[in-house]
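What follows is calculated from the coordinates using simple rules that are stated; it is not laboratory data. Values in this document were obtained by computation on a predicted structure and should not be read as measured data. Note that each Cβ is placed from the backbone with ideal geometry, even for glycine, and that neighbours are counted across all protein chains shown.
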Amino acid sequence: MMQPTNRHRELIAHLASKRRGLGKAQVMRVGGCAAAHQARLADALQRDIRMIPYSAKARYNLQGLFTALIEACPEDRAWLFSSLKNFTYDAWFMSHNLPASQVLEFDVSQYLNGKSFIWGHQCRIAGGHQWDIWDNTNNQWVGTGIACNPVNGEWNHVVIQMQRTSDNRLLYQSITLNDVTSALNETYSPGSVPSGWYGITLHFQMDGDYKQTPYTVFLDKLNFTYW
């Protein structure tokens, strides 16, 4: 669990368009880490913390930077997570007995400033072959009318895009299943959590049918992109 901070921080990044194969070195400037921690952060990254290089070819993988920030500036975690507003959940899944599944659930959650942003997506299989999304305020699933028909016995590719808007609401953007993209464009208010909660979580869940018929799902190549 992450501790809150009362100080405002900034993460400044000028990111070029995400295009396949880009490899030119870019830089981002980080400001706001408490002066007492700057030396430790510089040691962790082995470079001047004011200008941090990153690679577009590496899909803007800032994990090393984020890890160093969390370790060197623990009181700045609130600033770090609040700067992230766009998320993509990308995974492959396969089962030889999908009809036994009630639903398969793919979620991303973000917690900050006493608010809970849970982008819940479930593919109803035995439950009706439709995508549902999670209403954080009323704590209930809402049908989208979008069909969800993963192929039994084959690898299925799901890509889900979502955003926390500038006014701190959840925007469900789109779901792509096996190269077929369906726009959602649904917006919901966040829920509430204790003020000390800060972080981001990923979630995959299998629900059984009314008989709890055994089945197995293989999940592979799970990628989570955030910016």
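Details
- Pairs of Cα atoms nearer than 8 Å and 6+ residues apart set the relative contact order; for region 138-225 it is 17 percent.
- Dividing the alpha-carbon radius of gyration of region 82-156 by the rule-of-thumb value 2.2 N^0.38 Å gives 1.25.
- Cβ-defined net charge surrounding Q163, 14 Å radius [Lys, Arg +1; Asp, Glu -1]: +1
- Under 13 Å, Cβ to Cβ, from D132 - net charge with Lys/Arg +1 and Asp/Glu -1: -4
- Overall Cα dimensions of region 143-201 - principal axes, largest extent first, Å: 44, 21, 18
- Remark: region 153-168, residue by residue, has Karplus-estimated 3J(HN,Hα) of x, 10, 6, 10, 10, 10, 10, 10, 10, 8, 8, 9, 6, 5, 9, 6 Hz, where x stands for each Gly or Pro and the curve is 6.51 cos²θ - 1.76 cosθ + 1.60 at θ = phi - 60°.
- Whole-angstrom Cα spans of region 184-227 along principal axes, big to small: 40, 28, 27
- Kirkwood hydrodynamic radius of region 109-227, from inverse mean 1/r over distinct Cα pairs, in Å: 15.7 Å
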